[in-house]
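What follows is a single structure, written as structure tokens, with notes after it.
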Amino acid sequence: MDWGMKNRLAQLIQPDGHCFFMPIDHGYFQGPTRNLEKPGETVAPLLPYCDALFVTRGVLRASIDPANAKPIILRVSGGTSMVGKDLAHEAITTSIQEVLRLNAAAVGVSIFLGSDYEHDSLLNLARMVNECEEYGIPVMAVTAVGKELEKREARYLALCCRIAAELGARVVKTYWCEEFDKVVNGCPVPVVMAGGPKCETELEVFRFVYDGMQRGAIGINLGRNVWQNPHPVAMARALRAIVHENATADAAFDLFHTLTRGE
Ligand code: 5RP
């Protein structure tokens, strides 16, 4: 592996081998998602507790201070919306020149297995791997399910993650599921967990993150369950304790309560 690729991966994955990515890319198909209407304001207090930001070029330019940023994972697939025909019908939206100009540490591309656009999305991933590897830029594959949240189970996610790795993704982002070790064990590159729609309770979030870490995930790329919580900074700090300090779900919950007491 060349120095540039190693350096970019080291910016994202910390010396303990773990990572906490903060996604604020949801607007690329959801528009002004709740609590992300002003992404710069939402993310500013969370920056000290995350290792990288997952963001589109538009929000990056408009809302993130280049002098005070975290490493950037640039979302480069899109072209769909919540009200359009099919969320899976994505293309590559961002050129390699733009990726370089914005000094991205990595790029993120969604794949939609089992959809009508499976082939197109896999070729989007392969194309970005071809272009980015040339410049030492890691590609993170995103195993997307669109509106079909029930697809989040081990057999399907293991298939998605393995195929993403086979096509050259350096990291794969997928959903946590029961028997998550089956997903991780079939994937030869590091796996990070997304959060999905906001959970009912904080403990639920801490439990699945802890379980996923115990079963081999290297970290999280978790957005709505942080910044849609009434106490986003406490959520970020408690999740960081699980990811980087080996805290249990109960210990993270205690920390969350300590931080929010009196607020
Ligand atoms: C949205 C994404 C998000 O990065 C991903 O889903 C993680 O965010 P959340 O924890 O809110 O699900 O790819 O398109």
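Readers should treat all values here as calculations from the given coordinates under stated rules, not as data from a laboratory. Just so it is clear, the structure is predicted and the values come from calculations on it, not from any experiment. Glycine gets a Cβ as well: all are built from the backbone with ideal geometry, and neighbour counts include every protein chain shown.
So for the pair residue 95, residue 16, with labels modelled 7 Å out along Cα→Cβ, what separation do we get in nm?
Inter-label distance under the simple model: 4.2 nm.
Rounded to the nearest 10 degrees, what's the angle between the helix 232-245 long axis and the longest principal axis of the chain, both from Cα atoms, 0 to 90?
Compared with the principal axis, the helix lies near 80 degrees.
Calculate one ³J(HN,Hα) per residue across the stretch 174-181 by plugging θ = phi - 60° into the Karplus curve 6.51 cos²θ - 1.76 cosθ + 1.60, and present them in order as whole Hz with x for glycine and proline.
9, 8, 5, 8, 4, 6, 4, 4
Give, in nm to one decimal, the length gained when the segment between residue 204 and residue 2 is fully stretched (0.36 nm per residue of separation minus the Cα-Cα distance).
68.7 nm
For a quick check: with amide H placed at 1.01 Å from N, whose amide H comes under 5 Å from residue 88's, ignoring anything fewer than 5 positions away on the same chain?
none
With a point put 7 Å past each Cα toward its Cβ, work out how far residue 159 is from residue 65 in nm, to one decimal.
4.7 nm
From zero up to wherever the largest Cα-Cα distance of the stretch 99-167 sits, split into 5 Å bins and tell me the percent of pairs in each.
Per 5 Å bin, starting at zero, the Cα-Cα P(r) for the stretch 99-167 comes out as 3, 17, 28, 22, 15, 10, 5, 1 percent.
Under the classification rounded if a/c is under 1.5, otherwise prolate if a/b is larger than b/c and oblate if not, where does the stretch 1-142 fall, given a ≥ b ≥ c as square roots of the Cα gyration tensor eigenvalues?
oblate
So, in Å, what gap is there between the alpha-carbon centers of the stretch 129-148 and the stretch 152-175?
Cα centroid of the stretch 129-148 versus Cα centroid of the stretch 152-175: 11 Å apart.
Of the candidates 120, 65, 211, which one comes out as most mobile in a Gaussian network treatment of the chain with C-alpha springs shorter than 10 Å?
Ranking 120, 65, 211 by mean-square fluctuation puts 65 first.
³J(HN,Hα) across the stretch 219-224 via Karplus (A = 6.51, B = -1.76, C = 1.60, θ = phi - 60°), whole Hz, x for Gly/Pro?
For the stretch 219-224, the Karplus-derived couplings read x, 10, 10, 10, x, 4 Hz, x marking Gly and Pro.
Relative to the first principal axis of the alpha-carbon coordinates of the chain, what is the inclination of helix 118-133, with its axis defined by its Cα atoms, in degrees from 0 to 90 and to the nearest 10?
Relative to the chain, helix 118-133 is tipped by roughly 90 degrees.
Just give me a number: lysine pairs in the chain, eight or more positions apart or cross-chain, with C-alpha atoms less than 21 Å apart.
14
Determine the percent antiparallel among the DSSP beta bridges restricted to the chain, to the nearest 5.
Restricted to the chain, the bridges split so that about 5 percent are antiparallel.
What length, rounded to one decimal in nm, is gained on full extension from residue 214 through to residue 102, with 0.36 nm per residue of separation minus their alpha-carbon distance?
Result for the pair: 36.8 nm of gain on full extension.
What is the sum of charges around residue 136, taking Lys and Arg as +1, Asp and Glu as -1, for the other residues whose C-beta is under 9 Å from the C-beta of residue 136?
Neighbourhood net charge equals -1.
Compute the whole-percent fraction of alpha carbon pairs in the chain spaced more than 23 Å apart.
48 percent
Amide H to amide H under 5 Å from residue 175: which residues, 5+ apart in sequence or cross-chain, H placed 1.01 Å off N in plane?
194
To test your reading of the geometry: what angle, between 0 and 90 degrees and rounded to tens, separates the Cα axis of helix 249-260 from the longest principal axis of the chain?
70 degrees
Could you sort 80-87, 34-41, 100-107, 162-169 so that the peptide with the highest average Cβ count within 10 Å comes first and the rest follow in order?
Per-residue mean Cβ counts within 10 Å order the peptides as 162-169, 100-107, 34-41, 80-87.
Under 5 Å between amide hydrogens, which residues at least 5 positions from residue 219 or on another chain qualify, with H placed 1.01 Å from N in the peptide plane?
19, 193
Using only DSSP helix segments of four residues or longer, with each worth -39500 (n - 2.57), what per-residue ellipticity at 222 nm results for the chain after dividing by its residue count and rounding to 500?
The helix contribution divided over the chain gives -12000 deg cm²/dmol.
I need the phi-derived Karplus couplings for the stretch 99-111: 6.51 cos²θ - 1.76 cosθ + 1.60, θ = phi - 60°, integer Hz, Gly and Pro marked x.
So the Karplus estimates, Gly and Pro as x, are 4, 5, 4, 8, 6, 5, 7, 6, 10, x, 10, 7, 10 Hz.
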